[in-house]
2 protein chains.
Amino acid sequence: MKVYYSEAHREHNPPFEVFEGGIQVPVFECPERMDRILGALRHSGWADIMPPEDVGLDPILAVHNADYIEYLRTAFDDWQRDGGELGARYASPVLIPAAFPPRRSAGKPRSIGARAGYYTMDLSAPIVAGTYRAAVESAQCAVSAAKAVAAGERVAYALCRPPGHHAGRDYCGGYCYLNNASIAARWLSLIGKVAVLDIDYHAGNGTQDIFYESADVLTISIHANPATHYPSFMGYADEIGEGIGRGRHRNFPLPSHTGDADYLRAFGEALELIRNFSPRALVVSAGMDIHVGDPLGDFDVTTEGIGEIGRRIVALGLPTVVAQEGGYNTDALGANVVSFLSAFA
Amino acid sequence: MKVYYSEAHREHNPPFEVFEGGIQVPVFECPERMDRILGALRHSGWADIMPPEDVGLDPILAVHNADYIEYLRTAFDDWQRDGGELGARYASPVLIPAAFPPRRSAGKPRSIGARAGYYTMDLSAPIVAGTYRAAVESAQCAVSAAKAVAAGERVAYALCRPPGHHAGRDYCGGYCYLNNASIAARWLSLIGKVAVLDIDYHAGNGTQDIFYESADVLTISIHANPATHYPSFMGYADEIGEGIGRGRHRNFPLPSHTGDADYLRAFGEALELIRNFSPRALVVSAGMDIHVGDPLGDFDVTTEGIGEIGRRIVALGLPTVVAQEGGYNTDALGANVVSFLSAFA
């Protein structure tokens, strides 16, 4: 199996994020995650790990606004040069916004802090010197996997870090800066209809946002109830797309402690929607934080359950790009990814 | 001079706020500010300090959305009961949101953290147990001052804490929860046209928001350039009101290190607008952070300059409510307030 992976992610290693209550916390989405996955893949015997192709920015700009990409490219340098509003008195090694566009404001971000607030939805998308390059290389992994699948591969795995599914058309959030799965899906849509299936524990609000008014890409997310869990503002069952995209988005919010059986029941409904859509290709946003031991989730899905999810996706018989999303129990992450992918191998 | 003041503010004493870069900082807007002002007023000989009248919530609900007031009333108890998404693992004594409504989301805040993000524009409006009561009593001070002026007093001073001018129709931010000056202005508008003049260093975005489509209340704010300073998203010169309110809002952004002469020049333009509007009464959002020594500002206005501002307002000959806003150099705060008010005394 072709596995696309870039070492550039190591330079994206923010010192902290900020949780509700204003608490600094070490970033759960850490470089060690990749080492755990790489180790398990190398053990598997079937992983052909290679760097991504440089496909430029065009596939990214097909999904994200140009002003947002320019912000990401320049944000950290601007932050280093200009600092916060109060300058050196309250210096921080990482760009995290503290003010966000109030309702009914015209939105005229000028200072770097205000631009950060404009292009960011939360305090869990900190930006450091290596963030932009890591995010671009991560997206290149997804595009490389899409190209491999378009060229005839049954499956290709983009070992993406940072992940992508919370990033919207023009905002970052939740460890995500560029929406890797959406970039792959938009690229694949050149050859026909595409379905995106998001199994990360958290709702794929960014993917929902990007394709919400698109008819040619079906997006489905199975996730924790946003009434109680991040991303809170999106991911509800009644959000089904708009305009020509109406009916082309579906959310499956599931309760806390959802185990294998209940998960697979909702998952079966999602697969049925995909079959009815008859896509030419599939992109899977593969978060492993549905696993019972995840520190940011509360589902009870087992490693075996994750393997069964993989087998049922294989049974769809579609050319498939798998893009890595979340999963924060580093001890279990390698085994979960291998369990998921082995049905394809 | 009638001075309205409530001791309830002491229970609003959050342990920290969060600045750009995710840095916890002690709250500049602290109870000591009131003690400094009270001390100077008691020395003045002309201050008649009294508690506010309980005028109920109606004057507040004439300005703020009922759902927002209900949020403020219940937020801290909900936070104590439910905690953050990850519960007791990351407990905090203060409610500060970490996620904000992304663009194009439908806005369905359910969890207390998400509701906080929905009703808050930044990380400088922390909520503790006493916040709601302090904010209501602060607003009652403003209404009491408005009633005194309506009853014939030449001037009345609302010694408001927390301050108010950053609070919009349905959001808090920048140390502000209820917009005291706007509540007083809306109450006074029952007797005729009202002008609100905001001299705080930071743009009065909340007051701008509340009256942006109103013809009967002229709002003017003189402040630091939002291109470089908080509140960043509002306060630009081309924001002049909408609909029937078009032409009834004016912003005067001024550069860093604006001193007495340049300040008074812009201020003169603002006074001319007020004269042309011929209001029945005036409300002044009196922030003292324009003073040269303020830790959150970079203007060079002197204590004597602040006295001159007061004298020129007196020369308008209008019944005037003065509502305290910012001012964070506690050593200078008492002298600056007395300098400003003594022209009225």
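List of remarks:
- Any hit, the stretch B:61-73, residues being out of contact with any helix residue (DSSP H, G or I) (no Cβ under 9 Å at 6 or more places or on another chain) and without any contact (Cβ under 8 Å) to a residue 24 or more places away in the chain: yes
- Only one of the listed residues (A:Ser189, A:Ser144) is in a helix (DSSP H, G or I) and either closer than 23 Å to A:His12 by Cβ or not assigned by TED's automatic domain parsing to the domain that holds A:Arg265 (or both). That residue is A:Ser144.
- Looking only at residues of the stretch A:223-267 that are in contact with a strand residue (DSSP E or B) (Cβ under 7 Å, 6 or more places away or on another chain) and of a type in the set (Ser, Thr, Tyr), we find that the one that is nearest to the other protein chains (Cβ to nearest Cβ) is A:Ser232.
- Residues satisfying the stated conditions in the stretch B:96-114, i.e. outside any loop (DSSP other than H, G, I, E, B) and either facing another protein chain (nearest Cβ under 7 Å) or polar (S, T, N, Q) (or both): B:Ala99, B:Gly113, B:Ala114
- Single match in A:Ala286, A:Ala281 (criterion: out of contact with any Asp or Glu (no Cβ under 7 Å at 6 or more places or on another chain) and among the small types (Gly, Ala, Ser)): A:Ala281
- Strands (runs of 3 or more DSSP E) contained in the stretch A:228-345 and holding at least 3 residues surrounded by fewer than 23 Cβ atoms within 10 Å (Cβ to Cβ), in the same structural domain as A:Gly192 (by TED's automatic domain parsing) and not polar (S, T, N, Q): A:249-254
- Against the criterion of being at pLDDT below 95, charged (D, E, K, R), in a helix (DSSP H, G or I) and out of contact with any Lys or Arg (no Cβ under 8 Å at 6 or more places or on another chain), B:Arg81 qualifies.
- Verdict on A:Leu57 being more than 14 Å from chain B (Cβ to nearest Cβ) and surrounded by 13 or more Cβ atoms within 10 Å (Cβ to Cβ): yes
- Members of the stretch B:1-51 that are more than 19 Å from B:Asp294 (Cβ to Cβ), within 14 Å of chain A (Cβ to nearest Cβ) and assigned to a loop (DSSP other than H, G, I, E, B): B:Pro14, B:Pro15, B:Phe16, B:Gly21, B:Gly22
- The sole residue among B:Ala129, B:Ala134 that is more than 17 Å from B:Asp170 (Cβ to Cβ), touching a residue at least 40 places away in the same chain (Cβ under 8 Å), more than 9 Å from every other protein chain (Cβ to nearest Cβ) and buried (at least 24 other Cβ atoms within 10 Å of the Cβ) is B:Ala134.
- Only one entry in A:Val301, A:Val337 is among the β-branched types (Val, Ile, Thr), modelled with pLDDT of 95 or more and touching a His at 6+ places or on another chain (Cβ under 8 Å), namely A:Val301.
- Of all the criteria given as (1) of a type in the set (D, E, K, R); (2) crowded, with 20+ Cβ neighbours inside 10 Å; (3) away from chain A (no Cβ under 13 Å), the one not satisfied by B:Glu85 is (3).
- Checked against the criterion of being under 30 Å from B:Asp331 (Cα atoms) and more than 20 Å from the chain's Cα centre (by Cα), the candidates B:Gly87, B:Gly39 yield just one match: B:Gly39.
The values are calculated or read from the model by the stated rules, or taken from the named source; none is laboratory data. Keep in mind it's a predicted model, so treat the numbers as computed, not measured. All Cβ positions, glycine included, derive from the backbone under ideal geometry; neighbour counts span all protein chains shown.
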